[in-house]
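One structure below.
The values are calculated or read from the model by the stated rules, or taken from the named source; none is laboratory data. Every value quoted in this text rests on a predicted model; they were computed, and no experiment measured them. Don't worry about glycine lacking a Cβ; one is built from the backbone with ideal geometry, like all the others, and counts go over all protein chains shown.
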Amino acid sequence: MSTRFSFKAQITWLLTSLILLTVIFLTGSNWFRFADYAENQIERQMYFAQNVLEQTLRSQEKVLTTTASVLAADFGFKQAVATRDKKTVESVLLNHGKRINADLMLILDLEGKLSTTSSLHSLDTKTIERNINKLPFREVHAQILSIENKVFQVIVVPVKAPRVIAYTVIGFEFDQIALLKLKELIALDLTLVQNNQLIDSSIDDKDIIKKLLKGYQQTSPNLLLTRSDYFHKTISFGGSKDVKATLSASLTQIQSDFNRLIYSMLIIAMIVIVIAITLSRLLSRGLSTPLHILMELTKKIGRGELNVPTLAKRLPVEFSELYQGFSVMGAAIENREQAILYQAERDVLTGLYNRHKILNIIADSFEEKINLVVITLNIKGFKALNDTIGLSNGDSILKDIAARIIVFIEKSNQVLKDDTMAARTNSDEFLIAIPINDTNEINHFIELLQSELNRPFWLDDIKINLSLYFGVANSLDHGIDAERLIRRSTMAVSLAYQEQVSLRFYQEGEDENYLYKLRLIEELKEALESEDSPLFMNYQPKLNMNTGKIDKLEALIRWINKEEKFVNPELFIDLAEKAGLIVSLTRWVILQVIQQTEQWNKMGYHFKVSINLSAQDIQNEQFVDYLLTTVNNHDVATTQITLELTERDIAENEALVIARLSHLKSLGFAISVDDYGIGQSSLAKLKSLPVDELKIDKTFILTLEQCQKDQDIVASTISLGHKLGLSVVAEGVENKASLMLLNDFKCDYAQGYYLSRPVSAEKFIEWYKTYESPL
Ligand code: C2E
Ligand code: CA
Ligand code: CA
């Protein structure tokens, strides 16, 4: 798991470790250099000491040689030696010896026996004799002589008279004092060793000497790897075979110097680290404080506090630039937010509120116990107007309406000194809410509004008169539920539209009806999806007046709802169309009818069956496919199916519908124009439609026998239909008289209660079996 360090800690760590690394590196390199330098220094000292030691030995040798030759040349001495005048010899020896501070003055006879000695020490004669006689040279150079634990530099000079009669031996001892003197000269300790036995040393410390004797030595000083107190170097001493001199350089000083160096480096490092930590803290605070400020700022912006305050502290340039950036961003977001808010609350085209916002405003007003009258207004035929004058002109009319509404609001505000609210709630639907204190005020406002809006509108020079529908609901009468009140005024306006009146007030109970319709829609949805559907088909026969036979039927849907109530098909078909359920409803009908037709085919009854379609069905992309596949999947011919549409259904998307109908017709289906005669029917139009059948609307037939006008219309429609090559059906035949009239008019088919009401397939067959032609 990785731990995340704060920015501060990271900077501190970075600086500290950098400094530590530097210190370690510097200390290391200093150590190396120091050690190297010290080692060189010691080597040089050793070299120097060696030289000095040799020099000293040589100068002592000179003294010894001179003294010896002076002695040897002394006639009295020679004579004394020759005559073995022991006393004289001794005193002469003593004199000479004293003069040069010699430690050893001896006379050896030719056999090597010690005849005289003027030694100032206590060595016994025999030992001296034995050792001196081991010396390789006589007469030549000074030599190192070790006796017992003493070391001497000696010279052996023959006493000639004229032949050699004896030998004089003169020597200096290297005792402690001599070693200390030498130490002073060479600035190193000196130890004399014979066959690993200590002779004498200027070093006091016994342990060191012990180590030295054990041969604990190095060829060169190695200060890096060892921590010894001394560096020893053994050299030969005055050419002696067995006596060696060891030069010892004390390393303690170097060592302590070195330690001091390390300590001071460490102290410096500590100080620098402390400074670094302090600095990095300051630096990181210098960074983290502005970062913190910026973070707080982003949090504020995140919370929606977009007004960025001016910077109180001075920040580094980059940060204050960033801060400025945030401030600009905040302002931009605020602008955009306001724009979004505006768009969320407003209708972009007119600048009025939208439905959502006005709903909230109305709800707020009710919270404040303000009563409102809500007026919904709708433009009559706006879609058609839009198609005629073009979208942008349509838009400018909408804007004009909005502007007039605003003027109206301003006027009414002067009266009310209260807020009046307006919204565009749909393409050509506006909503105005005005505070009221009693219902008597309502009419006044409506008059004001109508007079403002009923004046003609102008598109450049073209005068346009709009018809407006007004729907009104108020909270005094209809309650203070904002949503319900808006719905009621909208409902009132659509009722105004249906009833073709310009002003409609909401009336008690209409809302319940509306809710009932909503419930029906929900129930119908379920009905269409359920296996055991409460929907079923009825069939109504059409009498072929040319043959007197029944060869056609119209399929009509039926629904017994949950409350076991028969629901008027016109009502639920209308609801299905509005709720977008009609396409699936028609599919359901198609399947039922084709299955039924197939069954009848199998029974040997070959009827033609009409299916009623809606505008949405024929415009639906999958409709033709579905119909054809369903027919093909059953033992039914396309020619057995007639499709009934009203002229209004065809007019909705004429080009497309005509193309579809032609296609269907080419596939063998028959097309029938239903409810002919009501609405904007025109025979001229019929000519161009791919239809086979014309169904005269029942309003012309129901009381045909009583109304001469209807008879004229029906007779001429039949004859014109025939001229266009269409088969004509009269529906709504309720009595024999009408049937006979239609027969006279040469109507092709008659359909109506007089023959049979729409009944179930079984009942129809029962009826059919006993049917006799009424003609
Ligand atoms: P429509 O297509 O005009 O159907 C004929 C209507 O006239 C039927 O009403 C039928 O019962 C009625 N009718 C027939 N003969 C007489 C008569 O002698 N006197 C009277 N007073 N009425 C008669 P229904 O079944 O109530 O259907 C009403 C409308 O519902 C239909 O009018 C049709 O537009 C629609 N509709 C019914 N079934 C369907 C359907 O399956 N699909 C679609 N899209 N619409 C359907
Ligand atoms: Ca029909
Ligand atoms: Ca009809």
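How many residues are more than 8 Å from ligand 1 (Cβ to nearest atom) and touching a residue at least 60 places away in the same chain (Cβ under 8 Å) if we restrict to segment 528-576? Within segment 528-576, residues that are more than 8 Å from ligand 1 (Cβ to nearest atom) and touching a residue at least 60 places away in the same chain (Cβ under 8 Å) number 14.
Put simply, of E570, E563, E577 the only residue that is exposed (fewer than 14 other Cβ atoms within 10 Å of the Cβ), at pLDDT below 95 and not β-branched (V, I, T) is E563. In segment 348-361, the residues that are in the same structural domain as K399 (by TED's automatic domain parsing) never reach a residue that is of a type in the set (S, T, N, Q) and assigned to a helix (DSSP H, G or I) with C-beta atoms less than 7 angstrom apart, at least six apart or across chains. Counting only residues that are buried (at least 20 other Cβ atoms within 10 Å of the Cβ) and within 56 Å of the chain's Cα centre (by Cα), which one in segment 632-654 is farthest from ligand 3 (Cβ to nearest atom)? Applying the filter and picking the extreme gives I650.
Return the total of residues in segment 229-261 being in contact with a Phe, Trp or Tyr (Cβ under 7 Å, 6 or more places away or on another chain) and not charged (D, E, K, R).
8
Name the single residue, out of those in segment 494-515 being closer than 14 Å to N474 by Cβ and among the hydrophobic types (A, V, I, L, M, F, W, C), that is surrounded by the fewest Cβ atoms within 10 Å (Cβ to Cβ). Top of the filtered list is L503. If you filter segment 235-251 down to residues that are within 22 Å of V154 (Cβ to Cβ) and of a type in the set (S, T, Y), you find that the one that is modelled with the lowest pLDDT is S240.
Restricting to segment 231-289, name every residue that is acidic (D, E) and either under 22 Å from D36 (Cβ atoms) or not assigned by TED's automatic domain parsing to the domain that holds Q50 (or both). Residue satisfying the conditions is D257 alone. Residues in segment 444-490 that are surrounded by fewer than 21 Cβ atoms within 10 Å (Cβ to Cβ) and aliphatic (A, V, I, L, M): I446, L448, L453, L459, I462, I464, L466, L468, L476, I480. Within segment 655-707, restricting attention to residues that are of a type in the set (G, A, S) and within 16 Å of ligand 3 (Cβ to nearest atom), the residue that is surrounded by the fewest Cβ atoms within 10 Å (Cβ to Cβ) is G679. Among residues of segment 440-459 being under 55 Å from the mean Cα position of the chain (by Cα) and outside any strand (DSSP E or B), the one that is farthest from R504 (Cα to Cα) is L453.
Only a single item in (1) at pLDDT below 80; (2) surrounded by fewer than 17 Cβ atoms within 10 Å (Cβ to Cβ); (3) out of contact with any Ser or Thr (no Cβ under 9 Å at 6 or more places or on another chain) is not met by S6, and it is number (3). Of all positions in segment 120-128, none carries a residue that is crowded, with 17+ Cβ neighbours inside 10 Å, under 22 Å from L185 (Cβ atoms), at pLDDT below 85 and not polar (S, T, N, Q). Against the conditions (1) assigned to a helix (DSSP H, G or I); (2) within 24 Å of L71 (Cβ to Cβ); (3) in contact with a strand residue (DSSP E or B) (Cβ under 8 Å, 6 or more places away or on another chain), R130 satisfies every one except (3).
Listed by position, the helices (runs of 4 or more DSSP H) enclosed by segment 464-538 that each have at least 2 residues that are acidic (D, E) and under 30 Å from S760 (Cβ atoms) are 510-529. Only one entry of V759, V729 meets the criterion of being away from ligand 3 (no atom under 16 Å from the Cβ), in the same structural domain as D675 (by TED's automatic domain parsing), among the β-branched types (V, I, T) and modelled with pLDDT of 95 or more, and that entry is V759. For segment 718-742, name all the residues that are more than 16 Å from ligand 1 (Cβ to nearest atom) and not charged (D, E, K, R). Residues satisfying the conditions are I718, S719, L720, G721, H722, L724, G725, L726, S727. Of the residues making up segment 268-322, those that are assigned to a helix (DSSP H, G or I) and among the small types (G, A, S) are A269, A276, S280, S284, G286, S288, G302, S320. The set of residues from segment 604-630 being touching a residue at least 12 places away in the same chain (Cβ under 8 Å) and in a helix (DSSP H, G or I) comprises A615, Q616, D617, I618, Q619, F623, V624, Y626, L627, L628, T630. Which numbered condition trips up E499, out of (1) more than 16 Å from ligand 1 (Cβ to nearest atom); (2) at pLDDT below 90; (3) within 56 Å of the chain's Cα centre (by Cα)? The single condition E499 does not satisfy is (3).
Only one of S327, S412, S392, S396 is within 24 Å of I486 (Cα to Cα) and either surrounded by 11 or more Cβ atoms within 10 Å (Cβ to Cβ) or of a type in the set (S, T, N, Q) (or both). Can you tell me which?
Among S327, S412, S392, S396, only S412 is within 24 Å of I486 (Cα to Cα) and either surrounded by 11 or more Cβ atoms within 10 Å (Cβ to Cβ) or of a type in the set (S, T, N, Q) (or both).
Of everything in segment 679-698 that is over 20 Å from K542 (Cβ atoms) and either basic (K, R) or within 16 Å of ligand 1 (Cβ to nearest atom) (or both), the residue that is modelled with the lowest pLDDT is S681. Mind listing just one residue for me: the one in segment 616-631 that is within 16 Å of ligand 1 (Cβ to nearest atom) and not hydroxyl-bearing (S, T, Y) and, of those, nearest to the chain's Cα centre (by Cα)? Checked segment 616-631; the qualifying residue nearest to the chain's Cα centre (by Cα) is N620.
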